[in-house]
Structure formats: C-alpha cells, structure tokens
Amino acid sequence: MMEEISGYDEWKTALPEEPKPVAYCDICGEPLYEGDHLTDICGENWCDGCLNGDLRKIL
C-alpha cells in the first residue's frame with residue numbers, strides 16, 4: 001500500500017514559476033536570463049543575435 005504524501009497533488013499539478021529576465025538587449029529589447037551570453041559594448045547590453053548580426057561580417 002502506498003503512503004500518501006502531504007501536498008503532493010498540489011506540487012505535481014502546479015505550473016513552474018516563469019524565470020524573470022535579469023537584463024534586456026539595448027538593441028532589440030530581447031530579455032536576457034541568468035546564464036545567457038551578454039556582451040557589454042560601451043555600456044550597452046547586446047544579445048548574441050545582435051552581436052552576430054550587427055558586428056560580425058563574413059569575408
């Protein structure tokens with residue numbers, strides 16, 4: 001016979017908390033979360049998409 005675990009049903013059916021952005025890209029406004037790559041260029045936060053699209057060029 002299985003034991004009943006107090007609060008298990010509420011825990012199992014609860015939705016996980018949405019992570020909150022720690023910063024935003026100053027170019028496109030994309031939210032940046034803990035663990036994301038962020039480049040600081042002259043005090044502006046750039047996401048990888050903007051960094052790769054605006055600064056890098058293929059020769």
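A short reminder: the numbers here are calculations on the coordinates, not readings from a lab. Since the structure is predicted, the reported quantities are computational estimates derived from the model, not experimental observations.
Brief remarks follow.
- Counted residue by residue at 0.36 nm each, then reduced by the alpha carbon distance between them, the extension gain from GLU18 to THR39 reaches 5.2 nm.
- Close amide H pairs (under 5 Å, H built 1.01 Å from N) link TYR24 with LEU32, residues at least 5 positions away or on another chain.
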